[in-house]
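Laboratory data are not the source of any read-out in this text; all were calculated from the coordinates shown. A quick note: this is a predicted structure, and the numbers were derived from the prediction, not measured.
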Amino acid sequence: MAEFRIRDKLQEIYQLFEVQAQMKNITMRIEVDEGVSEYIYSDPNRITQILNNLTSNAIKFTPSGGSVEIFARRGICDENIYLEVRDHGCGMSSDIIQTLFTDFVSKSKTTLSPDFRSNPTGMGIGLGISYNLVKLLGGEGIQVESEPGKGSCFSFEIPISIKDNNYTLDLSPISPKRHTTFTSLERITREVIVMKCTCRNVLIVDDNMYNILSLKAQLVNYNLNFLKAFDGQEAVDLIENLENKIKGCGSDICQRIKIIFMDYEMPQLNGLKATAMIRDILKRKEVPEIPIVLNTAHNDAETKAEALKVGIEMFVSKPSSTAQLKEILTALL
C-alpha cells in the first residue's frame, strides 16, 4: 500500500500503450474528474495490473479507427474511487459477458460481432486475475457493459484512504521515466530495442501486453534481455530481419536469441503457424535451431501433438509458475 497520484498512474498506462494504439490507428484518452482526490492511498501495483489488462484487451479488440478511454471518478462516497476502461470496438453479447471471468475463455464465433469473429482469440486468464485483484482491494469485482457492434465498458470501484493534503508534497510534473506493475519497460515499438547485447536474448511473442509483462517479471532475475512481438507475423518478420536490428554483437542469429516463448492464440498468425515459418527461415539461413516454448492454456494431447509436429520443444501452461520457467531455462540456456 502506498500514497500516489492517480493522474500519474493513468498517464503511465497511457504512455505504455500509446504506440501500440497508434499502430492500429486507435485514439487513446484519459480523464480524471475534478472530484477525485489528488492523492489516494491504495495498492498502486494491483491497480496498474488491473488497468493494464483492461486496456490491453480494449486495444486488442478495437478495430482501426476506434477509440479507448480510461476514466477516474469519485465513487459513491469520498472514500471510494471509480475506474473505467471503455472502448468503441466490436462489443460482446450477454452470454459471453457471463463467462468472461473464468480462468480461460475462448470466444465462440457464433455469439460475437463480425469484427470479433474475425479475431476470435481468447480473452486470456488476465480478466479472471483482474477480477480477483479488485476483490483483494476491497471492491465487488469488475462490472461489464457491452453490446455487439457498439463497444464495451469495464469498470470497478474500490475503497481508498484520502490523505490530508495540507502539507508539502512533490507536485513536480510527471517524470518521463515510465514504470509498469512489474519492471521498467522500454517504449513499445515494432523495431526491436535491446538494452544490452549479452547473447542471452529471449523473445516473447504474445498479443496481450499483460501476458508479456507477467512473463518478463517472472524471468527478471535470470540476467536476460527481452525482445517482444505482438503477433505471430511480427515474430516471423523479426526473425527474418533480426541481423539488421541488433548491433554490437558478433554472433549470428542463432546465438542472439536463446529462447522464444510463443503464445498459441493470436490474430493474423497463430503460434503454431508462426513456429513453422520460423523453422523454415532458420533452415534457409542454415543456422542452428532456436528453442521455441509454447506458452498456452491449451494442454490437451491434440494441441501438444500438433505443436511438436511444427517444432515446439517445450510447453509452459498459463498462468506459468516460477518452477516451470526455472526448469525450462535450466534445460535450454
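Summary of computed values
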read-out	value
Linear extension gain, E240 paired with T27, 0.36 nm per residue minus alpha-carbon span	73.6 nm
Principal semi-axes in Å for segment 1-103 [√(5λ), Cα gyration tensor, largest first]	24, 17, 13
D_trans [Stokes-Einstein, Kirkwood Rh over alpha-carbon pairs] for segment 269-333, 37 °C, 0.692 mPa s, µm² s⁻¹	260 µm²/s
